[in-house]
Amino acid sequence: MSGIAYAAELPYARHMSEQTNASGDVITALLRQAAEARIEAASAMVEALSTGDPEIWEPTPEKIAKWEAELDEAKAELADLTKANPT
């Protein structure tokens, strides 16, 4: 590639890089929202199973452990996303 052709592509490459960064930011924001929603849902399930009406929720140690594991996984995912892209 000649120097002139390369120089002509620089603004395009910069624009594509900016688009990629913007797309990555949108994706990260969506992943964070999903992790936050999972945290909220799992927290609500743990609370309902732990303190709700047992006849409605039919709590078992296995159900509580399942939702606590989901909560821990979602918190870890959100922490990873925050470390990877703290904005």
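Results, tabulated for the structure shown:
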{"quantity": "Contacts under 8 angstrom Cβ, first residue in region 23-36 being over 12 Å from residue 77 (Cβ atoms), partner of a type in the set (Ser, Thr, Tyr), 6 or more apart", "calculated": "25/87"}
{"quantity": "Failed condition for residue 75, given (1) open to solvent by less than 60 Å² (accessible area, probe 1.4 Å); (2) closer than 30 Å to residue 23 by Cβ", "calculated": "(1)"}
{"quantity": "First in region 65-83 and closer than 13 Å to residue 31 by Cβ, second anywhere and crowded, with 17+ Cβ neighbours inside 10 Å and not aliphatic (A, V, I, L, M), Cβ under 7 Å, 6 or more apart", "calculated": "74/38"}
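For (1) outside any helix (DSSP H, G or I); (2) open to solvent by 90 Å² or more (accessible area, probe 1.4 Å); (3) at pLDDT 95 or above, each residue gets a yes or a no:
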{"site": "16", "(1), (2), (3)": "no, no, no"}
{"site": "24", "(1), (2), (3)": "no, no, no"}
{"site": "29", "(1), (2), (3)": "no, no, no"}
{"site": "33", "(1), (2), (3)": "no, yes, yes"}
{"site": "38", "(1), (2), (3)": "no, no, yes"}
{"site": "43", "(1), (2), (3)": "no, no, yes"}
{"site": "56", "(1), (2), (3)": "no, yes, no"}
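The values are calculated or read from the model by the stated rules, or taken from the named source; none is laboratory data. Please read all numbers here as calculations on a predicted model, not as lab measurements. We place every Cβ from the backbone using ideal geometry, glycine too, and count neighbours over all the protein chains shown. Side chains included, ligands, DNA and RNA excluded: accessible areas come from the protein's heavy atoms. Shrake-Rupley method; radii C 1.70, N 1.55, O 1.52, S 1.80 Å.
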